[in-house]
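Okay, so here's the structure we're looking at.
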Amino acid sequence: EALDTISNYNFFIQSSGNFLEVSESSTKFLGYPLEVLQTMKLQDLDQSLDQSAWQQHWQTIQQQNYLEMVTYHRKQDGELLPVQLTLVYLAGQEVAYGYVVLYTQSPPDLEPQMEEESVPLPSDDPPTGNFGVTSWRQWQV
């Protein structure tokens, strides 16, 4: 399957945050069985995303066609993986393709206590701070 040929892990996600399809490599990095991942939402992996924050991000994805975030994904054993998440909107299908790059160590501006911080809301300019959306740009086909 095409999703399994790419390094790291990737998925297709619905507007609700539910995974529509996940790669086999997701199980390797996250430790969840494939059948379990397919029943989860992105918010289950990224504790900084509550439903309200996710809906705001989804609106940005629809408007900008692209969103990139530096965050943590929680593995099944509780370990936090520092990741860069890229979401590309697939217009007409109401889904986004997600590609996750794992950091080998935490980026200097991302600290583990992110659980207590809120995710900045998107604006016209990239936000500043230690966590959240670090950049986004118009996806051009």
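What follows draws every value from the coordinates through simple rules; no lab data is involved. Just so we're clear, the structure is a prediction, and the values are computed from it rather than from any experiment. Ideal geometry is used to build each Cβ from the backbone, glycine not excepted, and the neighbour counts take in all protein chains shown.
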Legend entry - Rounded FRET efficiency, nearest 0.05, which uses the C-beta distance separating Lys75 from Asn18 and R0 of 22 Å: 0.70
Inset, instruction - Would you kindly derive the ³J(HN,Hα) couplings of the stretch 61-69 from the backbone phi angles with the Karplus curve 6.51 cos²θ - 1.76 cosθ + 1.60 (θ = phi - 60°), listing them in order in whole Hz, with x for Gly and Pro? - result: 4, 5, 6, 8, 6, 6, 8, 10, 9
Legend entry - Under-5 Å amide H pairs with Met40, H placed in peptide plane, nonlocal only: Phe19
Legend entry - HN-Hα J in Hz across the stretch 88-95 - Karplus 6.51, -1.76, 1.60, θ = phi - 60°, x for Gly and Pro: 10, 6, 9, 4, x, 10, 6, 9
